[in-house]
Amino acid sequence: MAKEQRRKGWRTVSGQQSRELASLLDYIRKEKYMLKYDTILWDLDGTLLNFKMAERHGLRNALENYGITMTEEMLSLYSGINEMFWEKLERGEVDKTEMLAERFRVFFRQMGLDGIDPEEMLKHYEWEMGSRVYYEGDSPAVVSKLREMGIKQYVVTNGTMATQPRKMESSGFDRYMDKVFISDEIGYDKPGKEFFDVVFRELVDVKKEKTLLIGDSLTSDILGANRAGIDACWYNPKGKALPKGMAVHVEYEIKDLQEVFGILSTMT
């Protein structure tokens, strides 16, 4: 398991990567060229933060409140149920407020666990999910360098108001993002066009043709970018194949977040 990274332990780019980034920054400053994109919309969970590690931590600690020791079987079952409900939400098949607790109701029923209030479990789980962060790759160094380059950065997330603001603060990303758009707060979820309509109504100086969305979810992030009329970069660290027949358009695919600098340096 990857070692947890705290704010004080933000990883820095070193060696060859550092020299390449320094060279790119110097080139941009001296030549005053325009980057291909000047705005990035970041997904949070699964892109900047390692969601699977956070999920493990959240479920384990929440269950401990009831004297239950989490097993790998429990984690696998819950993870599948959780993913199923979020996919239903993306398709507009469930109400978000209802599905958050319903995940645990289904989980407890399938595990044969009685006497636990799903609403109470949700509160424990959300607290744990917002209390500790695990970074995805070199995400802190990447967003820091992008800010130094003058790139505008925003987070667009389907998470809840009970967890996402605390994740932003705990991770330190709140210092580097120009704003955070949380579906709970704006009233719509990704991949709905309405979500991005709200985003771009607020970002009046942002041009869609100069905006890139980076996310790990094809059904939420990439499809959302397609519907919003902006370019999409699929963060695909495990090199998964694009499902056959899936109606999404991917402009870029990366396995490492550092690859974003190569995309940006393609001059217009």
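Below is a table of values for the structure above.
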read-out	value
Where a residue in the stretch 236-251 is in contact (Cβ under 8 Å) with a residue 40 or more places away in the chain and its partner, wherever it lies, is assigned to a loop (DSSP other than H, G, I, E, B), with Cβ under 7 Å and at least six apart	Pro237/Lys255
Whichever residue in the stretch 37-79 is more than 30 Å from Pro140 (Cβ to Cβ) and surrounded by fewer than 17 Cβ atoms within 10 Å (Cβ to Cβ) and, among such residues, is farthest from the chain's Cα centre (by Cα)	Gly67
Conditions (1) surrounded by fewer than 17 Cβ atoms within 10 Å (Cβ to Cβ); (2) touching a strand residue (DSSP E or B) at 6+ places or on another chain (Cβ under 7 Å); (3) under 18 Å from Leu146 (Cα atoms); number of the one not met by Glu259	(2)
Options Met121, Met99; residue that is aliphatic (A, V, I, L, M), under 21 Å from Ser183 (Cα atoms) and under 25 Å from the mean Cα position of the chain (by Cα)	Met99
Positions within the stretch 174-185 being surrounded by 17 or more Cβ atoms within 10 Å (Cβ to Cβ) and either without any contact (Cβ under 8 Å) to a residue 24 or more places away in the chain or within 13 Å of Leu41 (Cα to Cα) (or both), in sequence order	Tyr176, Met177, Val180, Phe181, Ile182
Every pair of residues 6+ apart whose Cβ atoms lie under 6 Å, when the first sits in the stretch 71-84 and is β-branched (Val, Ile, Thr) while the second is modelled with pLDDT of 95 or more and assigned to a helix (DSSP H, G or I)	Ile81/Arg103; Ile81/Val106; Ile81/Phe107
Among the residues listed as Tyr154, Tyr134, the single one being closer than 25 Å to Lys208 by Cα, among the hydroxyl-bearing types (Ser, Thr, Tyr) and surrounded by 18 or more Cβ atoms within 10 Å (Cβ to Cβ)	Tyr154
Filter pass, Met129 being under 14 Å from the mean Cα position of the chain (by Cα), at pLDDT below 95 and crowded, with 19+ Cβ neighbours inside 10 Å	yes
Condition met for Gly137 (under 21 Å from Trp86 (Cα atoms) and either of a type in the set (Ser, Thr, Tyr) or under 13 Å from the mean Cα position of the chain (by Cα) (or both))	no
Selected residue (criterion: surrounded by the most Cβ atoms within 10 Å (Cβ to Cβ)) from residues of the stretch 208-254 that are assigned to a helix (DSSP H, G or I) and among the hydrophobic types (A, V, I, L, M, F, W, C)	Ala225
Extreme residue, surrounded by the most Cβ atoms within 10 Å (Cβ to Cβ), among residues of the stretch 92-125 that are assigned to a loop (DSSP other than H, G, I, E, B) and touching a residue at least 24 places away in the same chain (Cβ under 8 Å)	Ile116
Which numbered condition Ala247 fails, given (1) more than 19 Å from Tyr37 (Cα to Cα); (2) in contact with a Phe, Trp or Tyr (Cβ under 7 Å, 6 or more places away or on another chain); (3) among the small types (Gly, Ala, Ser)	(2)
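The values are calculated or read from the model by the stated rules, or taken from the named source; none is laboratory data. Predicted model, so just to flag it, every value in this text is computed and none were measured. Glycine also receives a Cβ, built like all others from the backbone with ideal geometry; neighbour counts cover every protein chain displayed.
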